[in-house]
Amino acid sequence: MTGNITPLIGIDLGTSNSALAWFHDGESQLIAGAEGERLTPSVVGLDDDGHILVGAAAKARLVSHPHLTVASFKRYMGTDKTWTLGTRRFRAEELSALVLRKLKADAEVAFGHEVTRAVITVPAYFNDVQRKAVKAAGQLAGLQVERLLNEPTAAALAYGLADNREQKFLIFDLGGGTFDVSIVDMFEGVIEVRASSGDAWLGGDDFTHALRQWMLSIHPVLSDSPPEQQARLTQLAEALKHQLSQQDVARAQMMHQGEELHWELNEETFGELAAGLLSRLKKPVVQALQDAQFDVGLLDHVILVGGATRMPIVRQLATRMFSRFPRNELNPDEVVALGAGVQAGLIADDHALEDIVLTDVMPYSLGVEVARRDGNRIDEGYFLPLIERNAFVPVSVVRTVSTLQDNQRQLDISVFQGEARRVSDNLLLDSIKIDIPPRKAGEVNLDVRFTYTLDGILEVECKIQGENTASTLIIEKAPGSLSEEEIAVRLSQLNELKQHPRDVPANRLLLAQASARYEQTLGERRQLIDHYVSQFERALESQDLRQIAAARDGLSQLLNQFDDGM
């Protein structure tokens, strides 16, 4: 998989697992990690020596060392919530950046050279703050994020290429932490997302939590158990959920203070425990169908995406809602990464994708705060949408607002995201103050233009009618987001984290290059490479920085000599 041109990679940054892919030889292909795994658990932790662990190694310590391990942090992207690992506190962006760094390193080992550009998927219903947080995580990981791609749109790309014909389908995407629905219309090589909806706080983790609460109700004595047993209880709840995907009855047991505790769960009981969650799955589906002006009967297919759709109670719900069996022939854990790989190929102008066009939509409405006059009273705090949800992107819309008071000298333009008629129930993104000439009420008109790009950047332009100047506000940072200065500081801190030398990307890359050259050579050269690689591996295990530097230089020089001689 080596070559001279560094490809764009597509990354599915998931709540439970993450994966990466690239577009090669006319198809999207998953890139396996160092141990051959296609899925990387989105888990970060510390080992007993304080080294950072990411992926399967960290997940293995979730139960034994819960105080040194963190999972399911994706939901908190763009918030101020932090987790403590050792002596440091981490935001969700930083934890996600560590996962992205591992994926980046895995890609570099596979390709044999540095990878710097990526497409990263996000839940369709992630708001502007959360999307900016994902971009910040990519930046902290050393990646240039070329595009944020909605997860159901990624799935549509994967299925669209696999089944290239005119069709209409609904993507039902239930992951570990989020739920998304998208209505997709595919015709003549165009993959058009007609509408998206979802719930950013509904996922497989919530079903696990419901089971965990039920387990505590059966054995309340566990409520005050130590952290290790609490973590074990969560693991057992997850195991019960997985068992019910394979069999009619699930069983679990654990020891507590010398007593063996038992649980037995059938699908009917699970359905009752999860009734509220199943009900919440219906609302975004109805909303998306209404926004797309689609009747269920117009759909050719319903496609299940996300590991949580393996639960029989979820598949049964989807079957009842749509009066048909949903499709799931592509691995629901991998399909989003495969779609991200297709998007990477589209951006890279891969010739195999010349006839494919993708359109996407806004998941939220964007607008400004306005006031209304009611007789002599001015009532403030109303939301005036400029770009409504499910508008195709990129999009540019202009609306005109006027003054309400005589001799006003300033207009405050506050930009909000949401669907509520009152701005107090929506998300404030930013604001700008515009100086205006003092005139009678209604005589000063301001044209407000919103332009939303494919990169998720909102530009607000305000221009007083009759004047040549305009004020522009670029919404790139929102409340809860990291500033460029904060990103620089946190990047420096992440770079100082204690890593085992064998996991340092530069060392992994050098070993991969040496392995590739070993396969290409024969005789004495092959033996020489083996000798220097063995020395380097021993130095890495010693963790002696001087030994590592000397062995690394020796191996690098040897490989360079071979390169010069070929």
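Once both axes come from the Cα atoms, what is the angle between helix 204-218 and the longest principal axis of the chain, in degrees from 0 to 90, rounded to 10?
80
How large is log10 I(q)/I(0) at q = 0.18, 0.24, 0.32 Å⁻¹ when the Debye formula is applied to the Cα atoms of segment 246-294, each weighted equally and without solvent?
Cα-only, vacuum Debye calculation for segment 246-294: -0.73, -0.88, -1.06.
Nearest 10 degrees, 0 to 90: what angle lies between the long axis of helix 275-292 and the longest principal axis of the chain (Cα atoms)?
Relative to the chain, helix 275-292 is tipped by roughly 60 degrees.
Write down, largest first, the equivalent ellipsoid semi-axes of segment 141-300 in whole Å, where each equals the square root of 5 times an eigenvalue of the alpha-carbon gyration tensor.
Computed over segment 141-300, the values are 39, 18, 14 Å.
Return the Rg/Rh ratio of segment 210-268 with Cα-based radii and a Kirkwood Rh.
In segment 210-268, Rg relative to Rh is 0.96.
If you average 1/r over all unlike Cα pairs in segment 501-564 and invert the result, what Kirkwood radius do you get in angstrom?
11.7
Check L386: other-chain or 5+ apart residues with amide H under 5 Å from its amide H, H built from backbone geometry?
Long-range HN contacts for L386: L366, G367, V368.
Checking the table K74/K241; K74/K135; K74/K132; K59/K102; K135/K463 against a 19 Å threshold on Cα-Cα, which pairs fail?
In this structure, K74/K241; K135/K463 exceed 19 Å between Cα atoms.
Hey, could you grab the Kirkwood Rh for segment 104-213? Inverse mean 1/r over distinct alpha carbon pairs, Å, one decimal.
15.7
Show me, for segment 508-514, the HN-Hα J-couplings you get by feeding each phi into the Karplus relation (A = 6.51, B = -1.76, C = 1.60, θ = phi - 60°), rounded to Hz, glycine and proline as x.
Couplings: 4, 5, 4, 5, 5, 5, 5 Hz.
For segment 260-355, what is Rg from Cα atoms divided by 2.2 N^0.38 Å, rounded to two decimals?
Compared with the compact-globule rule of thumb, segment 260-355 sits at 1.43.
In debye, nearest 20: dipole of the chain around its Cα centre with unit charges on the Cβ of K, R (+) and D, E (-)?
1020
May I ask for the percentage of alpha-carbon pairs in the chain that lie more than 41 Å from each other?
Percentage above 41 Å: 32.
Report, in whole Å, the centroid distance computed from the Cα atoms of segment 74-88 and segment 386-422.
Centre-to-centre distance over Cα atoms comes out at 34 Å.
What is the sum of charges around Y76, taking Lys and Arg as +1, Asp and Glu as -1, for the other residues whose C-beta is under 15 Å from the C-beta of Y76?
Taking every other residue near Y76 into account, the sum is +2.
On average, how much area does the Cα convex hull of segment 366-475 cover when viewed from any direction, in nm²?
Averaged projected area of segment 366-475's Cα convex hull equals 6.9 nm².
What whole number of Å gives the distance from the Cα centroid of segment 197-239 to the Cα centroid of segment 526-566?
Their Cα centres are 48 Å away from one another.
Provide the net charge surrounding A340, with neighbours chosen by a C-beta distance below 12 Å and charges set as Lys +1, Arg +1, Asp -1, Glu -1.
Value of the local net charge: -3.
Give me the lysines in straight-line cross-link reach of K282: C-alpha distance below 19 Å, same-chain residues under 8 apart excluded.
K282 reaches no qualifying lysines.
With everything on Cα atoms, drop me the angle between helix 92-111 and the longest principal axis of the chain, reported from 0 to 90° to the nearest 10.
Value to nearest ten degrees: 50.
In terms of the ratio Rg/(2.2 N^0.38 Å) built on C-alpha atoms, what value belongs to segment 22-102?
Output field value: 1.22.
Every number here is computed from the coordinates shown, using simple stated rules; none is lab data. For clarity, every value in this text was computed on a predicted model and none was experimentally measured. A quick note on method: Cβ atoms are made from the backbone with ideal geometry, for glycine too, and the neighbour counts reach across all protein chains shown.
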